[in-house]
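Structure record follows, encoded as structure tokens.
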Amino acid sequence: MKRRDVLKSAGLAGFAFLAPSAWTIAVAQDGSRILTLANPTGFPDLDPSTSFSNDGLVLANVYEGLTRYIPGSGDTPAKVEPVLAESWTTSEDGLTWTFTLRQGVKFHDGTDLTAAAVKGAIERTMKIGGGAAFIWGAVTGIEAPDPQTVVITLSSPQPLDMIAAAGFAAWIISPAAQAQDSAWFNAGNDGGTGPFRIDSYEPGQRVIASRFADHWAQAPDGGFDKVSFEVVEDSVLAQNMLEGGQADWTYGLPYDNLESLKANPDLTVVSNPSFETLFGLYNTKRAPLDKVKVRQALSLAFPYDDVISAGTAGLGSRAYGVLPQGIWGHDPDAPIPNTDLEAARALLAEEGVTSLDLTMTYATSDPLEQVAGELWKANLEQLGINLTLQPMAWEAQWEMAKADPAAAQDIFVMYWWPTYVTPYDYLVSLFRSEEAPNYNLGYYANPEVDALIDSGATLAGTDRAGAEAAFKAAQRKIVEEAAAVFILDKPNIHVTRADLQGYVDNPAYGHVVFADSLSRKG
Amino acid sequence: MGLGRYLLRRLALSALVVLGVTFLVFVAAQVVPSDPAALYAGPRPTAAQIEKARAELHLDAPLPERFASFAVAMASGDFGVSYKSRRPIAQDLRAYLPATLELAAVSTLLALIIGIPAGAMSAARRGSWFDRAGGFGAIAAVAMPTFFLAMLLQAIFAQSLGLLPLSGRLSREIAISAPLETVTGFTLIDAVLAGRFDVLRDAAAHLILPALTLAAYPAGIAMRLTRSAMIEILGRRHILAVRALGLSPARILFGHALPNAICPALTILGLSFAYALTGAVLVEIIFAWPGLGRYVSEAVLSKDFPVIAAATFVVTLCYVAMNLVLDLVQALLDPRVALQ
Amino acid sequence: MTLFSRLGPKGTIALAVVAAFLLLAVLAPWLAPFPEQGAGAPNIAEKFLPPMPPHLLGTDHLGRDMLSRVIYGGRVSLSSGLLIVLVSLAVGLPIGMIAGYAGGWWDEALMRLTDVFLAFPALLLAVLMAAALGPGLLNAVLAVAVTWWPWYARMARAEVLTLRSQPYVEAARLMGVSNSRILLRHVLPAALRPLSVQAAMDVGPALLTASALSFLGLGALPPTADWGQIVDAGRKFFPERWWYSVAPGMAIFVLALAFAALGDALRDGEQKDA
């Protein structure tokens, strides 16, 4: 008997009265039919009209949209897949979209899906105007000429099939639920058509959902009866639950622990590119960062490869401008800089910059952003630049950046991910000139780039190739002028139990598990 | 000063203190560089959404007016909604406050159970190895960083030996398969009321590590205070007298000396409970305990002002109320206190 | 009586430990095996090495030598502990002295003010303040000092109350010496002595509180080594890579323990004197 075993049995005897009934027997009665998802955040808003956060994990299993986006991989191009809409057509000018609805779809309250319900759902979302409702910004009218047909008219051409596939603000809600307010949804009620319906909701703890028997699609063999969406904010606990078999899926574990997780035969580590990109916006309103060459020098001094290897255990990928791979408009040939301290020094000398004090703000307790800052700082020191790393709560960081560009940070480090799959979202939010800064927190203003982004947006609904060219041109300009340091595209790392079958990560929907397609082996 | 006047004066002071704390929280919130409207508007809001939220929250009203309405709301128990979650705060407090109080009560109990007898034993056997070891243990318990102790206990009892759950308040399986009905919010009591002894055992197992962590510091203090109080008392004349009469040491210790130490013990009780309320911030975070400490620390990080205000207000209220009760009990036991 | 005989064997050991930490902190650039890494320079080729020469306490997630980081971290901890006590004294002493000397309405108002601060759960208030001020060493010091000064105010008031009725103070007042002069020349020096003993003993608890704030992410700015912060960073890798958290955690513990033992010895010594 090893020492540890002795301790263990001695301890066991001591704690016999507490001997675990509940937590070791785990899910005693037929636990195999319960899927447990350990989510590192809570679910702040379960109202499908206004939800714009990590609640997507729950809502995507309870609600459905008209369409769904399936990203391309390798040679397979990306596509938009029918869900509640069976098919759709668009007029030549891209201003009128006609969706034909799937037959035999029921809401969880037993009523049928109709064109009027779709119209009502989108109109509710637009009327409340919260969360991601702006995705419907171009909609001028919704008609329901017959129960299976929805006609949506737009003020400008837009890729409405992709907008309808959004992970936020595009959920279809039953007419009865449309009349309810946010409090009703956040008390654990739902009005969706999805494969699961919410049984109970304990805020900050969990949502429990069970399979909806009248769902239009056939449930897979061995599919789960129940899904428990657990809020597990502590990564130590999440890892412990995965290892102990108390949870089937999680994310957000430290990259440096993945090696040992991979070695565990009970677990599978699923690594994918994501649509989430990390960058630092230069304050272009403040000397000397208003000079292109100084910004280029800073970007040349950034240790791209080291940050990927030390910060993400080698799993992240180089960012080619602001659009990550998998998003149309991504430019694999963008003229991105590589780490080159000598070139950086030369550029600084051209501008006569010999010493400099800069402040970089980033989100408190984001280890990846901190690693990026610490490694960059070490490089910049060699150039005579002192970088102060200032962690801040996101709210404070954002507030300071919006207040007064002249008194704000020099470099604003943040992540961006799209509301729906479009390059427009990244470019317009972060680099199109703004009168009062909201997300363009480098205060970048270039009329040429503005024009390119706008023309791309107009073409997106009708001429995808033309739009792509415009977006790429805009992005080239942004990269050339070093409006930001493009740090890396974040990998999506999910850890699942090895006996979980059918798991596919879809980066278009953040960290969403489509529980319907999963089953347990054996 | 009579007992009645003493009571009135203490009550008035407590009210003043609560008002002062309310004011302090309000001021702290004004210093915070953040825009409540942006927080209220939801994640990643557009500029238009923020403007709408600002109007909804009446953030443009002048400061004194805002403080007045804030103080009135606090006093009436209408804590408003969280800017971040938009949930009614009173509802959250009802869920979180019992969790914190339960943890604080159990850890206080542990601190007293460990600290007072150990201190008494040390005093009775001054200079023995027990006294020395106990003395070191007490000082070590005081010097140990709470968060580090929590990690060590977790590593030993949960991660390595697997004897106790790592964190949380109840096993998730119970919540999923057979949830416990909430009556008082105190899991231990609710479990007994419902006759659910599986839940009782589970809840107790979850309580041990966080309660032990929280108990370490006050147990150390309790031990030291008890020891010095007992040494002083054991040296008093009447104890020497009964000792001369040949009473057994145990009877002297527990029958005569300890009762005299009741006032110091009350002080210890107050200290322990106060420490448990404060220390809850760290311990609740590490043990994922769904209590006020965690609630307020999250709110602090996201600058969710109504939550910070409400939670601080409630914690301070508990704190002040407890001190008040202890002072009164002490005044009843020892009328000299009231005269001071 | 010499210092050592006054402190006793335990007190002498404690003093030696505190002195050793102070020495390491002051001479960190010369004593740390990898001073640059101690100050924050990354060395990613050697990340997460377990303890073995030349890295006696292993390395962290950026390959920095833990021993050097811990030695440098002592600078932050000791200075925050000392600064908290000093700032608190600077605020609490005048308030307490004015309250005690002026008496009456002043006394009542100032003491109720300290009551408010004392009634506020200390760590909660510190977290609130630190969050309002933002992370940073000085902000953390201020945040803790806000919860600390009332104790000194109370002590100073009590001292002044006893001193006020001393014959020499009475005499000075009767001779027409101005109040401020009496306070500064006669009361302050006498009050300072017991308070400074207390203050010296409070450095331990002060740095313990500061380390709790730093554990919550409200301490010194990276890449400055700060014990509480390092413990927190290592928590995600605990207990697999135990050295990451254990080294700084033990450092906080030992230093706080030494301060506590030293305080005990000082108090016992005073009692022996009396």
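Observations, loosely collected:
- Cα-centre dipole for segment A:67-178 with unit charges at Cβ (Lys and Arg positive, Asp and Glu negative), debye to 20: 340 debye
- Each of residue B:324 and residue B:16 was given a label point 7 Å from its Cα along the Cα-to-Cβ line. The distance between the two points is 1.5 nm.
- For segment B:93-301, with +1 on Lys and Arg beta carbons and -1 on Asp and Glu, the positive-most of B:217, B:282, B:138 along the dipole: B:138
- Inter-chain Cβ neighbour count for A:230-239, averaged per residue, equals 5 (cutoff 10 Å, partner chain atoms only).
- Among C:190, C:172, C:206, residue whose mean-square fluctuation peaks in a GNM of chain C (springs only between Cα atoms under 10 Å): C:172
- Using a Förster distance of 22 Å, the FRET efficiency for residue A:318-residue A:351 (Cβ separation, nearest 0.05): 0.25
- Over 31 Å (Cα to Cα) - which of A:293/C:47; A:79/A:477; A:291/A:490; A:490/B:84 fall in this group: A:293/C:47
- A simple count of charges around residue C:25, restricted to other residues whose Cβ falls under 15 Å of its Cβ and scoring Lys, Arg +1 and Asp, Glu -1, yields +1.
- Counting Lys and Arg as +1 and Asp and Glu as -1 over every other residue whose Cβ lies under 12 Å from the Cβ of residue A:175, the net charge comes to -1.
- Cross-link partners of residue A:127 among lysines (Cα-Cα below 17 Å; sequence separation of 8 or more within a chain): A:119, B:52
- Considering only A:510, A:324, C:245, the residue lying farthest towards the positive end of the dipole of the protein assembly as shown is C:245, judged by Cα position with unit charges set on Cβ.
- Look at the stretch B:195-206: the mean tally of other chain Cβ atoms within 10 Å of its residues' Cβ atoms is 3.
- Only helices enter this figure: runs of n ≥ 4 DSSP H residues, each worth -39500 (n - 2.57), summed and divided by the residues of the protein assembly as shown, yield -17000 deg cm²/dmol at 222 nm to the nearest 500.
- If you run the Gaussian network model on chain C, springs between alpha carbon atoms under 10 Å, then out of C:175, C:129, C:250 the most flexible one is C:175.
- Measuring between their Cα centroids, segment A:320-360 and segment C:223-274 lie 43 Å from each other.
- Bridging of residue A:521 to aspartates and glutamates at a Cα separation below 16 Å is possible for A:30, A:221, A:225, A:248, A:266, A:499, once same-chain residues fewer than 8 apart are set aside.
- Listed residues C:83, C:133, C:208, most fluctuating in chain C (Gaussian network, C-alpha, under 10 Å): C:133
- When the Cα positions of A:460, A:279, A:437 are compared along the charge dipole of segment A:273-491, A:460 comes out farthest toward the positive end, with charges on each C-beta of Lys, Arg, Asp and Glu.
- Placing +1 on the Cβ of every Lys and Arg and -1 on the Cβ of every Asp and Glu, with no other charges, gives chain B a dipole of roughly 1140 debye about its Cα centre.
- Using alpha-carbon coordinates, inclination of helix C:122-133 to the longest axis of chain C, degrees: 70 degrees
- Protection proxy ranking, peptides A:187-197, A:476-486, average beta carbon neighbours within 10 Å, highest first: A:187-197, A:476-486
- Degrees separating the helix C:188-215 axis from the principal Cα axis of chain C, which is the longest one: 30 degrees
- Label point of residue C:27 set 7 angstrom out along Cα-Cβ; within segment C:239-262, amide nitrogens under 20 Å from it belong to C:255.
- Peptide B:136-144 has a mean of 5 when you count, residue by residue, the C-beta atoms of other protein chains within 10 Å of its C-beta.
- The angle separating the long axis of helix C:3-26 from the principal Cα axis of greatest extent in chain C is about 60 degrees.
- For the protein assembly as shown, a simple Cβ point-charge model (Lys and Arg +1, Asp and Glu -1, everything else neutral) yields a dipole of about 5600 debye relative to the Cα centre.
- Looking at segment A:320-373, the GluC sites (Glu not before Pro) that sit in a DSSP loop and have at most 14 other Cβ atoms within 10 Å of their own Cβ are A:351.
- If you take all other residues with their beta carbon under 14 Å from the beta carbon of residue B:175, and give Lys and Arg +1 and Asp and Glu -1, the sum is -3.
Readers should treat all values here as calculations from the given coordinates under stated rules, not as data from a laboratory. These numbers were taken from a predicted model, which means no experiment stands behind them. Glycine also receives a Cβ, built like all others from the backbone with ideal geometry; neighbour counts cover every protein chain displayed.
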